[in-house]
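A quick write-up on the structure given underneath.
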């Protein structure tokens, strides 16, 4: 474990601290105390608050944290989430007009708003105050909001720039709790209830694939402890059940690869209000009914994604993506809610920054992109925008993921422009695929105890789960589920079960494999299994 942690930049055992006392203090975040005062005033005056959410898992959990937390402090609060197909992303003027129909006094953005210059201006015109909570990178102009809390805004000295949107909202609630206590307006039992939101904070943090620095690891570990102890909200419990996962053994991988996608499916194919209501309900039966719908939507999403990926690969036949620095694709039939996943799959397959576009409205197309290390995707789009001022209508995002909209007629020009920018920012070394491992494991270390120890840790973006590499003799192999290989591998002194997902062709007798340790549970019995991530024919026979 010391070797694994050292390889991830841990130099002192205090960096592995996961108690809440290790969290960074809220008062180093710019404007958070000022926002707490505004919210405390609003609660005292019983003003009507409305959360403007986002349609991904981070936005949904941030909305649920805002509504649950503020309601617990006595606020009158409701929420609205843009339908991505009608309104697009963020606090647009159209969303402001929709929200205004309910007569709120204050709009609170979660996981969006830092780029909503026009939307905030419209809200101000209509007499609504706007409080922005976000974590995305700001543009050249900040919106004219009453208050902005974002660790990535200019002048914010908060040490962790990797908070997800849900983490930012949680910090606003920490500041509000302190403000209400200072005013002696907070019953103590309400103050203690913020810890009940940590399961939602953990889910949104992992699902948004932000870097798991120490502060985020504390938030995720604390949330997982609540889930494992059976103290999670009804919605997360139901989503785990729908995925056939045992809450008592919940891991960060379960949040990222099973719960998160089911929640995201609502925003991709339907309306994220469904997912948010799943997280807000305290009724187990209602949560189970909604999670069943979300599970069905996720299966539909997987089917659409498979069709789109097959179509994309077919369109690349006769083209060698390795001739280019980037990959930019558009198809009239592609589903706007799934292009982000398609871009991610193609990026992984070809190791190129990738944009996938789908039809939108009014002659526009919307693109979702994923990038490789070495190319900051939002900065690359900013460069394209500066070189071609009228080309991109709207864009935003992070280093690894970004989105934009174009006129459909400008697709070809964008593909050429983005390729030129990618070529100027990347070199051939960046395009070489690398697999980093934690080296070899001794046979004595390949056991169930070590697998359980690894499973109990928090792993994720920037703090990757360990994977190892060794030579093995393939003693037995058979196809299971039509497309996976069940294996018996041997290394000196050990015969061990393994599985290779998504591959049904026979392996050679000897392989060099990159693998992770896995606790396999069958009929109530746990055993060790290796999950083979990559393989090649062993050089030494």
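Assorted remarks:
Conditions (1) under 13 Å from residue 328 (Cβ atoms); (2) in the same structural domain as residue 349 (by TED's automatic domain parsing); (3) assigned to a strand (DSSP E or B), marked per residue:
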| position | (1), (2), (3) |
| --- | --- |
| 365 | yes, yes, yes |
| 395 | no, yes, yes |
| 399 | no, yes, no |
| 403 | no, yes, yes |
| 411 | yes, yes, no |
| 415 | yes, yes, no |
| 434 | no, no, no |
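- Scanning the range 220-239 for residues that are closer than 14 Å to residue 290 by Cα and either assigned by TED's automatic domain parsing to the domain that holds residue 456 or surrounded by 22 or more Cβ atoms within 10 Å (Cβ to Cβ) (or both) yields 233, 235, 236, 238, 239.
- Check on residue 380, under 22 Å from the mean Cα position of the chain (by Cα) and surrounded by fewer than 17 Cβ atoms within 10 Å (Cβ to Cβ): no
- Only one of the numbered conditions (1) part of a helix (DSSP H, G or I); (2) within 13 Å of the chain's Cα centre (by Cα); (3) touching a residue at least 60 places away in the same chain (Cβ under 8 Å) is not met by residue 212, and that is (1).
- Evaluation of residue 255 against (1) at pLDDT 95 or above; (2) in the same structural domain as residue 364 (by TED's automatic domain parsing); (3) assigned to a helix (DSSP H, G or I) (one fails), failing number: (2)
Table: residues versus (1) crowded, with 20+ Cβ neighbours inside 10 Å; (2) over 24 Å from the mean Cα position of the chain (by Cα); (3) closer than 21 Å to residue 219 by Cβ; (4) at pLDDT 95 or above.
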{"position": "133", "(1), (2), (3), (4)": "yes, no, yes, yes"}
{"position": "139", "(1), (2), (3), (4)": "no, no, no, no"}
{"position": "149", "(1), (2), (3), (4)": "yes, no, yes, yes"}
{"position": "155", "(1), (2), (3), (4)": "no, yes, no, yes"}
{"position": "167", "(1), (2), (3), (4)": "yes, no, yes, yes"}
{"position": "170", "(1), (2), (3), (4)": "yes, no, yes, yes"}
{"position": "175", "(1), (2), (3), (4)": "yes, yes, yes, yes"}
{"position": "184", "(1), (2), (3), (4)": "no, yes, no, no"}
{"position": "189", "(1), (2), (3), (4)": "no, yes, no, no"}
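- Residue that is farthest from the chain's Cα centre (by Cα), among those in the range 41-79 that are farther than 30 Å from residue 265 by Cα and assigned to a helix (DSSP H, G or I): 44
- Residues in the range 444-463 that are surrounded by 14 or more Cβ atoms within 10 Å (Cβ to Cβ) and more than 30 Å from residue 379 (Cβ to Cβ): 446, 447, 448, 450, 451, 452, 454, 455, 457.
- Residues within the range 296-332 that are over 23 Å from residue 424 (Cα atoms) and more than 26 Å from the chain's Cα centre (by Cα), tallied: 6
- Complete set of residues in the range 60-86 that are without any contact (Cβ under 8 Å) to a residue 40 or more places away in the chain and surrounded by 24 or more Cβ atoms within 10 Å (Cβ to Cβ): 82
- Residue match in the range 59-74 (condition: in contact with a strand residue (DSSP E or B) (Cβ under 8 Å, 6 or more places away or on another chain) and more than 23 Å from residue 224 (Cβ to Cβ)): yes
- Residue count for the range 464-485 under the criterion of being surrounded by fewer than 15 Cβ atoms within 10 Å (Cβ to Cβ) and without any contact (Cβ under 8 Å) to a residue 24 or more places away in the chain: the result is 7.
- Summed over the range 1-36, residues that are touching a strand residue (DSSP E or B) at 6+ places or on another chain (Cβ under 9 Å) and touching a residue at least 60 places away in the same chain (Cβ under 8 Å) total 7.
- When the range 233-249 is filtered for residues that are closer than 15 Å to residue 203 by Cα and not in a helix (DSSP H, G or I), the ones remaining, listed by number, are 233, 243, 245.
Residue-by-condition table, conditions (1) in contact with a strand residue (DSSP E or B) (Cβ under 7 Å, 6 or more places away or on another chain); (2) assigned by TED's automatic domain parsing to the domain that holds residue 209; (3) free of Cβ contacts under 8 Å to residues at least 60 places away in the same chain:
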residue	(1), (2), (3)
88	no, yes, no
105	yes, yes, no
125	no, yes, yes
144	no, yes, yes
148	yes, yes, no
155	no, yes, no
176	no, yes, no
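- The residues in the range 100-130 that are under 23 Å from the mean Cα position of the chain (by Cα) and either closer than 20 Å to residue 170 by Cβ or not in a loop (DSSP other than H, G, I, E, B) (or both) can be counted, and the count is 7.
- Some residue of the range 222-232 being part of a helix (DSSP H, G or I) and in contact with a strand residue (DSSP E or B) (Cβ under 8 Å, 6 or more places away or on another chain): no
- The one condition in (1) more than 26 Å from residue 372 (Cβ to Cβ); (2) in contact with a helix residue (DSSP H, G or I) (Cβ under 7 Å, 6 or more places away or on another chain); (3) assigned to a helix (DSSP H, G or I) that residue 186 fails to fulfil: (3)
The values are calculated or read from the model by the stated rules, or taken from the named source; none is laboratory data. All values derive from a computational prediction rather than experimental measurement. Note that we place each Cβ from the backbone using ideal geometry, even for glycine, and neighbour counts take in every protein chain shown.
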